[in-house]
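For reference, the structure is listed below as structure tokens.
The values are calculated or read from the model by the stated rules, or taken from the named source; none is laboratory data. Everything numeric here is computed off the predicted structure, so don't read it as measured data. Every residue, glycine as well, gets a Cβ built from its backbone with ideal geometry; the counts of neighbours run over all protein chains shown.
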Amino acid sequence: MRLRLVCLVLIAVSLAACAGPQSLVRKRAYVGVPLAPQQQATVFAVWDSGDGNLTYLCEIDGRSYRRNGYANPCPSVLYVLPGEHRVGVENHRGGRVSVAVIGIRTDAARTYEISVDSRPEGAEFYVREMEPGFALTYKDVAPTFFLKGNRVNAPVDPAEAD
């Protein structure tokens, strides 16, 4: 049983190491036509910071974005209307999952990072409002992917969100 768990964790970490910007999950968390970046707020989580911990935004205002299967994670980037929101965040550390619901107030044309300080005994979740004019890039969301080689960083385009 323990060997099976170790194998599953190694497979998951290997898959995460192979994942790159092309696999970034982005969702519009509002109904209607896509808004211009100046009319919406961006909330993102660093889903691979190099320590093997993966962080996802799995729920907002009671609406779940969970999908079945490891290859179909929750979003890493959500585009939301300005206002008060409750964001369900999951941090995966080995075989453990820490879950928190974070209250956040967003403003139009602003970007918010949800980060996690994850340790074996627990996880602490933080919200950081980025500087005005901050442009979210793939390297912000998946910094580990860019540590090796000469991979080209690019802005995350809100128009590509589902």
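Tabulated values for the structure
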read-out: Some residue of segment 119-138 being modelled with pLDDT under 90, crowded, with 16+ Cβ neighbours inside 10 Å and either touching a Gly at 6+ places or on another chain (Cβ under 9 Å) or within 14 Å of Val77 (Cα to Cα) (or both); value: no
read-out: Criterion: hydrophobic (A, V, I, L, M, F, W, C) and farther than 18 Å from Asn53 by Cβ - qualifying residue of Val156, Val141; value: Val156
read-out: Any chance Arg86 is at pLDDT 95 or above, more than 20 Å from Pro158 (Cβ to Cβ) and surrounded by fewer than 20 Cβ atoms within 10 Å (Cβ to Cβ); value: yes
read-out: Odd one out for Ala108 among (1) modelled with pLDDT of 90 or more; (2) on the phi > 0 side of the Ramachandran plot; value: (2)
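One line per residue, one yes/no per condition, for (1) more than 23 Å from Pro37 (Cβ to Cβ); (2) of a type in the set (A, V, I, L, M); (3) free of Cβ contacts under 8 Å to residues at least 12 places away in the same chain:
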{"residue": "Ser115", "(1), (2), (3)": "no, no, no"}
{"residue": "Glu129", "(1), (2), (3)": "no, no, no"}
{"residue": "Leu136", "(1), (2), (3)": "no, yes, no"}
{"residue": "Lys148", "(1), (2), (3)": "yes, no, yes"}
{"residue": "Asn153", "(1), (2), (3)": "no, no, no"}
{"residue": "Ala159", "(1), (2), (3)": "no, yes, no"}
{"residue": "Asp162", "(1), (2), (3)": "no, no, no"}
